[in-house]
1. Run down B:Thr170, B:Thr223, B:Thr216 and say which single residue is part of a helix (DSSP H, G or I), more than 14 Å from chain A (Cβ to nearest Cβ) and either of a type outside the set (Ser, Thr, Tyr) or over 17 Å from B:Met102 (Cβ atoms) (or both).
2. List the strands (runs of 3 or more DSSP E) that sit entirely inside the range B:59-133 and contain at least 2 residues that are within 14 Å of chain A (Cβ to nearest Cβ).
3. Taking B:Leu140 as meeting all but one of (1) away from chain A (no Cβ under 14 Å); (2) surrounded by fewer than 18 Cβ atoms within 10 Å (Cβ to Cβ), write down the number of the exception.
4. Among the residues of the range B:34-58, which ones are part of a loop (DSSP other than H, G, I, E, B) and within 30 Å of A:Gln18 (Cβ to Cβ)?
5. What is the one condition in (1) within 14 Å of chain A (Cβ to nearest Cβ); (2) crowded, with 23+ Cβ neighbours inside 10 Å; (3) in contact with a Phe, Trp or Tyr (Cβ under 9 Å, 6 or more places away or on another chain) that B:Gln146 does not satisfy?
6. Looking only at residues that are more than 14 Å from chain B (Cβ to nearest Cβ) and surrounded by 11 or more Cβ atoms within 10 Å (Cβ to Cβ) in the range A:1-30, which one is farthest from the chain's Cα centre (by Cα)?
7. For the condition in contact (Cβ under 8 Å) with a residue 12 or more places away in the chain, surrounded by fewer than 17 Cβ atoms within 10 Å (Cβ to Cβ) and not charged (D, E, K, R), what is the one hit in B:Ala76, B:Ala31?
Amino acid sequence: MGRVVVDVMPKPEILDPQGKAVAGALPRLGFGQFTSVRQGKRFELEVDGPVTPEVLAAAAAAAEQVLSNPVIEDVVRVADAEADAAATIASGNLA
Amino acid sequence: MTRIGVVTFPGTLDDRDAARAVRLAGGEPVALWHADADLRGVDAVVLPGGFSYGDYLRAGAISRFAPVMGEVVEAAGKGMPVLGICNGFQVLTEAHLLPGSMIKNDHLHFVCREQVLSVESTDTAWTGEYAAGERITIPLKNQDGQYVADESTLDELEGEGRVVFRYEDTNPNGSRRGIAGISNAKGNVVGLMPHPEHAVEAGFGPDGARGPRSGTDGLRFFTSVMRSLVS
């Protein structure tokens, strides 16, 4: 079973009220070093077989047509979840 | 009698009020179901307010793909009057019948108030019975009501006289340029965040000149469309 990750973020020029609310709360909890927060969405799409280039292309199309609204959002990532995790481990970034 | 369809999606809340507004205006409301690709021969369509499909993905995003919406988009293209109220307005933007989109209110709170609007355009199918510049009061209630579009789209809307309603006295949700409602180029498709269908009968509407709850400023949306259909 394969899994595709799709990340959608509000466009940079669109004010993000949710991110602003989180940014306002962080200093109150002692996290004063973060100057700005933007909140987006992560979708995980599962398929029966492996994540082929065709599956990724279909996920990219779904991301553009359904999962995001191009007026207010950008699709910032469409990736095979496993390859993504492997790359993260290889680069030593996983805590 | 003029037949006006009112669409019900899963999670629609204001379909009965919209049907009642049509009846009080002298029309015949016709219930339309989201899953039926059938407009049942209506002369106009209202997409009412609510939280269709829970608004989980984005407000109106999933409703846009409902079977009935294919028919609505086709009929709107041929000039049928379509009115989107609140969630219905969000559905119209997701369906690309109207430009721009709605995001969360700038202050992050749900807002519910009696809102003053100015009628900026009387050249639409839904506003012919108002006077240009008239101030009307109808309820506003939403979470995702902040109208946004890029500057060139906003300039185009203003330049073509397609800003139909603007918030007066206060901007309740941070909408760009105080825009409360817009139309398409032909003027048959109108969307707005406030709720005209909640201000159609004395005793049940906002406070008005004739006393508490006497406001019926929303009724002329529905009489306007009926007049536009006969003429």
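A short reminder: the numbers here are calculations on the coordinates, not readings from a lab. All values derive from a computational prediction rather than experimental measurement. Cβ sites come from the backbone with ideal geometry, for glycine too, and all protein chains shown count toward neighbours.
1. Numbers: B:Thr170 fails: part of a helix (DSSP H, G or I); B:Thr216 fails: part of a helix (DSSP H, G or I).
Only one candidate passes the filter, namely B:Thr223.
2. Here the list reads B:101-103.
3. Every listed condition holds for B:Leu140 apart from (2).
4. Correct list: B:His34, B:Pro48, B:Gly49, B:Phe51, B:Tyr56, B:Leu57, B:Arg58.
5. Every condition holds for B:Gln146 apart from (3).
6. Filtering the range A:1-30 down to residues more than 14 Å from chain B (Cβ to nearest Cβ) leaves A:1-5, A:7, A:26-30.
Add one more test, that the residue is surrounded by 11 or more Cβ atoms within 10 Å (Cβ to Cβ), and what stays is A:2-5, A:7, A:26-27.
On the way: A:Gly2: 17, A:Arg3: 14, A:Val4: 11, A:Val5: 7, A:Asp7: 2, A:Leu26: 21, A:Pro27: 24 Å.
Per the criteria, the residue is A:Pro27.
7. On the way: B:Ala76 fails: surrounded by fewer than 17 Cβ atoms within 10 Å (Cβ to Cβ).
On inspection, the qualifying residue turns out to be B:Ala31.
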